[in-house]
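Undergrad: Sharing a structure here in structure tokens format.
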Amino acid sequence: MGANTSQVSDLSESQSIRTLIGPESISENEPFWNQLISFTFTSPTCSADAKLLEEAVVPFAKTLIENNPRSGNFGALVRVFLGRTKELKISTECQDQLFIWQAHNALFLVRCLLKVFIREMSEGELHLQFSYQARAPGTYESNSEDLLEELMCNLVHLIVEVPLLDITYNILFEAVTTLLVLLSYQLFQKDILREGLIYQCLTRGRCLTLTSRLVKTLLYNFIRQEKCPPPAHLFQTQADGGGLLYGLASGVASGLWSVFTLGGAGSKSGVDQEQNPLPLSNQSLLLLLVLANLTDGPDCPNPYKQAVTCFKNTQDTSSIPSPQPHTFQINFNSLYTALCEQQRSDQATLLLYTLLHQNPNMKTYVLSRTDMENLVMPILEILYHVEERNSHHVYMALIILLILTEDDTFNRSIHEVILKNISWYTERALTEISLGSLLILVVIRTIQFNMTRTRDKYLHTNCLAALANMSAQFRCLHQYAAQRIISLFALLSKKHNKVLEQATQSLQRPLGADDNAALPDYAQDLSVIEEVIRMLLEIINSCLCNSLHHNPNLVYALLYKRELFEQFRSHPCFQDIMQNLDTVIGFFSQRLEQAGTDLSVERVQEVIKKGAVALPKDRLKKFPELKFKYVEEDQPEDFFIPYVWSLVFNSAVGLYWNSQGIELFSMDSP
């Protein structure tokens, strides 16, 4: 790019770039390289700027693809970068900002070129681009070091070895981003990749020994939530217009720190910075999710998944060695806090799901927290705004609730946490409500939204399973939560009657009607609705059998709408479960009759509270305990790998991919 290049429009006029991509080879020792990597180009952080950069780089990269077999200049550029990284740690300790800046620029160039290469060629062809040396056209050194593996190992080393400081922020970001780019072959494949050079390098090569350190560093990058360092012009050009160190042209230093702010002062992408002020945190999380979701090899499990599933708390003083490979320790309190704060993003919710489902140490820790509302409230807010979220984010939030409700202590404790004035719950002013009642309200609202909009059976099942797990532990339900449970039953009952009526009418079609016309599958619709009604009746029954005396508001709501249940009393699907509801309705109705007429609400509640204590428990038939456990489906990678890469595609900082050619997922995916 050269010293004076500072924006995309300058690329086409850069003599240094033209020399790099030309047919003439350039020795690694020539001053040219210092000139090439001494530029003040601001790395884009928004997709619009990333798109401009991508479109500008493509023609240069294609020219280099043609000329590189003769010149070997791409390999030379990689070696220039590798040469500088050998002294990065020392440069950091010595605050040698200029050296770090040049190393960053070299890597930025490598990354931009790689991104186009990966779209244009296979892994084998990419490997050749690294191997070409300056010699007879098209020949390469087969016995030389594997430059691709050398680069990848170097990037991993850089991420785990170089401390995160203001002066290293951008090169660390660039290292994480380059690894994401190298793994992006998956975007252009419909099938899940289960092998390949890059996959092997990360899971079996020299990088393997750094697995736990890489996972730990990426997690800490997420935990620290470091913002881009502010712009600062620390170098001044010489008064006579002379160059800086390394033969830098005058004027370079005045814009030097714009590189270090990923969008920098005065750039268009600096505005976008407000929308995504944590590029390293975001990119590190995306890379971690990509690595953790790589498939297992035929003879070796994914080491990054192993590391994610077995790391421990730094407070764990157990001397028992872990049998799992790649284990490490991390501060669970810091990780928990970051997870609570970042749930607005898909990727943070996916990380929380991954840890709860796969890491028993983290799951135990989360369930032991006494401030569970800090984690649960953001999850409930995701579900409350279901119409604004993509379906995958909603699924992850629901499954997190399902996993949490598998624990009885959680189900009890959420009713003891009292919340005041929930600002985001706008349907009704909730001045005071337990976390448990709020959870019930939000899950029921999700079911009702699903019934009217998406009609997704999988979503219904998970919602009802979470309520079922909680039902035996329902305590002091808020009157509005109790009303909504019965209102949901009323909605289902109405839908049941409507489908039943439609099914009956379809069977009574007049003779001569078009027999070939496709009929809706009313039997299947009816079966699904009856399954949901049965589940809801079991939830109500479970609460009445286990904690009736703790829930007078539910009994009140049940009595108030008792006529809803009459039609199901003799229905073969519900007869057994209706016995207990009949017993409760009959028992309390009788006591209210004995108490007189024109009773006030307060008097009715008083009768219910006294009756709840008097009702003999043996009058209610015992049913098996309602317990549902989340189990991942077979071949979960078919869901998670496209999901993770859709997140990279949509939210990676400063990366733009043209949607044409993306094969892994459809463009309407989340």
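The values are calculated or read from the model by the stated rules, or taken from the named source; none is laboratory data. Keep in mind the model is a prediction, meaning the values are calculated, not measured. Positions of Cβ are backbone-derived with ideal geometry, glycine not excepted, and every protein chain shown enters the neighbour counts. Please note that ligands, DNA and RNA were not included when accessible areas were found on the heavy atoms of the full protein model with its side chains. Shrake-Rupley method; radii C 1.70, N 1.55, O 1.52, S 1.80 Å.
Undergrad: Would you pick out the residues in region 440-472 that are hydroxyl-bearing (Ser, Thr, Tyr), part of a loop (DSSP other than H, G, I, E, B) and without any contact (Cβ under 8 Å) to a residue 12 or more places away in the chain?
TA: none
Undergrad: Would you please list the contacts, defined by Cβ atoms under 8 Å and residues six or more apart or on different chains, that run from a residue in region 67-80 that is touching a residue at least 12 places away in the same chain (Cβ under 8 Å) to a residue that is of a type in the set (Val, Ile, Thr) and part of a helix (DSSP H, G or I)?
TA: Sorted first by the residue in region 67-80, then by its partner, the pairs are Asn67/Ile21; Asn73/Ile21; Leu77/Val110; Val78/Val110.
Undergrad: Based on what the data block shows, is Lys420 within 18 Å of the chain's Cα centre (by Cα), more than 26 Å from Asn450 (Cα to Cα) and surrounded by fewer than 19 Cβ atoms within 10 Å (Cβ to Cβ)?
TA: Considered against the rule, which asks whether it is within 18 Å of the chain's Cα centre (by Cα), more than 26 Å from Asn450 (Cα to Cα) and surrounded by fewer than 19 Cβ atoms within 10 Å (Cβ to Cβ), Lys420 comes out as no.
Undergrad: Right, another one. Looking at region 311-327, can you tell me whether even one residue there is closer than 30 Å to Leu380 by Cβ and part of a helix (DSSP H, G or I)?
TA: no
Undergrad: Within the bounds of region 343-351, is there any residue that is open to solvent by 50 Å² or more (accessible area, probe 1.4 Å), within 20 Å of the chain's Cα centre (by Cα) and of a type in the set (Ser, Thr, Tyr)?
TA: Checked region 343-351: no residue is open to solvent by 50 Å² or more (accessible area, probe 1.4 Å), within 20 Å of the chain's Cα centre (by Cα) and of a type in the set (Ser, Thr, Tyr).
Undergrad: Within region 182-206, take every residue that is out of contact with any Phe, Trp or Tyr (no Cβ under 9 Å at 6 or more places or on another chain) and buried (at least 21 other Cβ atoms within 10 Å of the Cβ) and give me the one that is nearest to Ala652 (Cα to Cα).
TA: My answer is Leu182.
Undergrad: So, of the residues in region 165-181 that are of a type in the set (A, V, I, L, M, F, W, C) and assigned to a loop (DSSP other than H, G, I, E, B), which turns out to be least open to solvent (accessible area, probe 1.4 Å)?
TA: By that ranking, first place goes to Ile167.
Undergrad: Filter region 626-655 down to residues that are among the small types (Gly, Ala, Ser) and open to solvent by less than 30 Å² (accessible area, probe 1.4 Å) and give me whichever is nearest to Glu174 (Cα to Cα).
TA: Looking at residues that are among the small types (Gly, Ala, Ser) and open to solvent by less than 30 Å² (accessible area, probe 1.4 Å), I get Gly654.
Undergrad: Now for a separate question. Please go through region 292-310 and give me each residue that is part of a loop (DSSP other than H, G, I, E, B) and in contact with a helix residue (DSSP H, G or I) (Cβ under 8 Å, 6 or more places away or on another chain), ordered by number.
TA: Residues satisfying the conditions are Asn293, Leu294, Thr295, Asp296, Gly297, Cys300, Asn302.
Undergrad: Among the numbered conditions (1) touching a residue at least 60 places away in the same chain (Cβ under 8 Å); (2) of a type outside the set (S, T, N, Q); (3) open to solvent by less than 30 Å² (accessible area, probe 1.4 Å), tell me where Tyr425 comes up short.
TA: All conditions pass for Tyr425, except number (1).
Undergrad: Let me ask something else. With respect to Asn462, is the statement that it is buried (at least 18 other Cβ atoms within 10 Å of the Cβ) and farther than 12 Å from Leu536 by Cβ true?
TA: The answer is yes for Asn462.
Undergrad: Taking interchain pairs and intrachain pairs at least six residues apart, which have beta carbon atoms under 7 angstrom, with the first residue in region 327-343 and closer than 13 Å to Met372 by Cβ and in contact (Cβ under 8 Å) with a residue 24 or more places away in the chain and the second surrounded by fewer than 21 Cβ atoms within 10 Å (Cβ to Cβ) and among the basic types (Lys, Arg)?
TA: Tyr336/Arg369
Undergrad: Please go through region 330-342 and pick out each residue that is open to solvent by less than 10 Å² (accessible area, probe 1.4 Å) and of a type in the set (Val, Ile, Thr).
TA: Matches in region 330-342: Ile330 only.
Undergrad: Moving on to the next point. Mind checking whether some residue in region 21-31 is at pLDDT 90 or above, in a helix (DSSP H, G or I) and of a type outside the set (Phe, Trp, Tyr)?
TA: yes
Undergrad: If you don't mind, there's one more thing I want to ask. Answer with yes or no whether Ser14 is at pLDDT below 85 and open to solvent by 40 Å² or more (accessible area, probe 1.4 Å).
TA: Criteria not met by Ser14.
Undergrad: Right, here's the next one. Of all residues in region 126-154, count the ones that are at pLDDT 95 or above and more than 22 Å from Val176 (Cβ to Cβ).
TA: Qualifying residue count for the region: 0.
Undergrad: Another question, then. Here are Thr309, Thr327: which of them is in contact with a Cys (Cβ under 6 Å, 6 or more places away or on another chain), within 21 Å of Leu210 (Cα to Cα) and open to solvent by less than 60 Å² (accessible area, probe 1.4 Å)?
TA: Criteria check complete, one pass: Thr327.
Undergrad: Across region 328-373, what is the total count of residues that are touching a Phe, Trp or Tyr at 6+ places or on another chain (Cβ under 6 Å) and β-branched (Val, Ile, Thr)?
TA: 1
Undergrad: Follow-up question, since we're still on this one. With a cut-off of at least 1 residues that are touching a residue at least 60 places away in the same chain (Cβ under 8 Å) and among the basic types (Lys, Arg), name the helices (runs of 4 or more DSSP H) lying wholly within region 346-421.
TA: 408-413
Undergrad: Would you pick out the residues in region 190-220 that are among the hydrophobic types (A, V, I, L, M, F, W, C) and assigned to a helix (DSSP H, G or I)?
TA: Residues satisfying the conditions are Leu197, Ile198, Cys201, Leu202, Cys207, Leu208, Leu210, Leu214, Val215, Leu218, Leu219.
Undergrad: Something else: Here's a check for you: in region 81-132, which residue that is assigned to a helix (DSSP H, G or I) and of a type in the set (Lys, Arg) is most open to solvent (accessible area, probe 1.4 Å)?
TA: Once the filter is applied, the top-ranked residue is Lys89.
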